[in-house]
Amino acid sequence: MMPLLSVFLDGFLDTLTGHLVLTAYLLAVTDERAVWRRLKKLPLLLPSPLIATLLSLGLYAVPALRTAQYYIVSLAILLMCCFWVQWAWRLEFWRAFAAVCMAGIFQVAESTLSRMPFGGTPLGDVTPYAAVLGLYLCISAAAALLLYRLGFGKWFRLLLERGPAPKQTALLLFALEAVTEVLLRLVNGVQASFLVFYYPMAAAMVILMAVLIVHLAQRFDNARKMQAQQDIIVQQRLYEQDLELIRREMRSFRHDYKNLLAGLSRQAGEGDLEELRHTLSELDAGFDRQLGKKIRQSAQIGNLQLPEVRSLLLGKLTLMREKGIDCHLEVLYPVTAVDMDLWDFVRCLGILIDNAMEAALDTENPWVEIVLLAQKGQMSLRVSNPYINVMEPGKMWDEGWSTKGAGRGIGLSGYRHILEGYPNVSTGTGWENGVFVQEMTVEGRL
């Protein structure tokens, strides 16, 4: 009984250590800035090493499964960690699985390379077990911190959140993680004379994997920026077309101006004040309908001095016009900067407007109001729209949730995840009398 308990405790402690190392690499590869918030959720990961240890002992008791024991347990750990990351990071399955596989690549590679000073002999055979675990944790923390400082997580997070299909990315990383697992198992069978080549090869493979991920993310980022620049050019042309339309209508209005004055003079001369008031009212309404709204909107757009933001809003305004959504835009002061990553701000703005458009289209008279206020180093954003669906505050932030059914959510969970890394950003949500309001305030960083 005692030997079995000792084996169980040793296995549990070893697996628990591996989970802690995996968590350290998870924080690094996701470029996590709210570290304490994630660590507070760490206790719910404890069942994973316990289940993995029991599964390992159970499989070992079946001789036919001993060969595949390590791989089955490793896969089980990946899945259990994936479910934890899915909950703790609020990610959908494939993105969570990709993050766990990426962290697993570094964790398993470190386990392989940690045997290098001892010629492939397990560290516990030549060094006190507690010292081995302590050294392993310290090296892991240092390596994860180095990855974080080098900015690897920034590129991986870009690929994870904005890259191609997350399922493809996850399966690629799973294949790479499986390669590192095989390398770890092979180290015990490599002859001592070949270890001098084996360890550099293992290290080179992990480095190449990391470089591959960064390269893919950079290529995607460059393509995204190029597409954004093309969108800016297209939207600028639309803006110029609107200005040209205003100029033509002004010329037409000026052409009729004398005739309008002659008519007004006749009515004034005849003393027909009621008719004069009616004509002036019609003239004012006609001007506001034909030119006033366009002039005001052009003036508001002109206050947006960030091309990326202006491009997004011009595109959304054009889309709303095509869909019959009445949009009111207010940019009261020039917007020259925002104290967060500009692309993250554009993504947040796009998510809020897309959700507002979708909800507004369900109403009889769809409208969207967008207010941007930049003053004293602070940026405030307010997006309002009519809302007739049933509000579910507990579910609206879940990925894929929508009032129209599961899997149709536009991105409020992604919006929340983006802002978790910005302590200087506060948000607010409200709905009353059929109006839904989303607010975001970006304070100037100290």
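Rounded to two decimals, what is the ratio between the C-alpha radius of gyration of region 32-73 and 2.2 N^0.38 Å?
1.67
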- Length added when fully stretched, Phe194-His215, from 0.36 nm per residue minus Cα-Cα: 4.4 nm
- Extension gain (nm, one decimal) between Tyr71 and Leu171, 0.36 nm per residue minus Cα-Cα: 34.4 nm
- Note on the structure: Rounded to the nearest 0.05, FRET efficiency between His328 and Arg37 (Cβ-Cβ, R0 51 Å) equals 0.90
- Largest-first ordering by accessible area, 1.4 Å probe, given options Val85, Val437, Val35: Val35, Val437, Val85
- Message: Whole angstrom only: what separates the Cα centroid of region 310-353 from the Cα centroid of region 412-446?
- Response: 15 Å
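Strictly over 30 Å apart at the Cα level, which of Lys40/Lys167; Lys316/Lys376; Lys41/Lys316; Lys41/Lys225 would you flag in this model?
Details: Lys40/Lys167 28 Å; Lys316/Lys376 27 Å; Lys41/Lys316 38 Å; Lys41/Lys225 36 Å.
Violating the 30 Å limit, Cα to Cα: Lys41/Lys316; Lys41/Lys225.
On average over all directions, what projected area in square nanometres does region 301-363 have, based on the convex hull of its Cα atoms?
Over every viewing direction, the Cα hull of region 301-363 projects on average to 4.3 nm².
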- Task: Report the FRET efficiency, 1/(1 + (r/R0)^6), for Lys376 and Asn433, where r is their Cβ-Cβ distance and R0 is 45 Å, rounded to 0.05.
- Result: 0.90
- Val371: net charge of surrounding residues, Cβ under 12 Å, Lys/Arg +1, Asp/Glu -1, itself excluded? -2
- Query: Using 7 Å Cα-to-Cβ label points, what is the Ser114/Ala64 separation (nm, one decimal)?
  - Reply: 3.4 nm
- Could you check how many percent of all C-alpha pairs in region 50-114 are farther apart than 21 Å? 35 percent
- Query: Heavy-atom accessible area of Tyr422 with all protein chains present, probe 1.4 Å, nearest 10 Å²?
  - Reply: 10 Å²
- Item | Estimated FRET transfer efficiency (Arg321, Lys154; beta-carbon r; R0 30 Å; 0.05) | 0.25
- Item | Distance in nm between pseudo-label sites at Leu137 and Phe93 (7 Å out along the Cβ direction from Cα) | 3.4 nm
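Could you tell me what a quarter of the Cα convex hull surface of region 1-93 works out to, in nm² with one decimal place?
So the Cα hull casts an average projection of 6.7 nm².
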- How would you rank 312-319, 47-54, highest first, on the average number of other Cβ atoms within 10 Å across their residues? 312-319, 47-54
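What is the sum of charges, Lys and Arg at +1 and Asp and Glu at -1, for the other residues whose Cβ falls under 12 Å from the Cβ of Ala144?
With Lys, Arg at +1 and Asp, Glu at -1, the neighbours total -2.
The values are calculated or read from the model by the stated rules, or taken from the named source; none is laboratory data. Bear in mind that the values here come from a model prediction, so they are computed numbers and not experimental data. With ideal geometry, Cβ positions are generated from the backbone for all residues, glycine too; neighbour counts draw on all protein chains shown. For the accessible areas, the whole protein counts, side chains as well, though only heavy atoms, and no ligand, DNA or RNA atoms are used. Shrake-Rupley method; radii C 1.70, N 1.55, O 1.52, S 1.80 Å.
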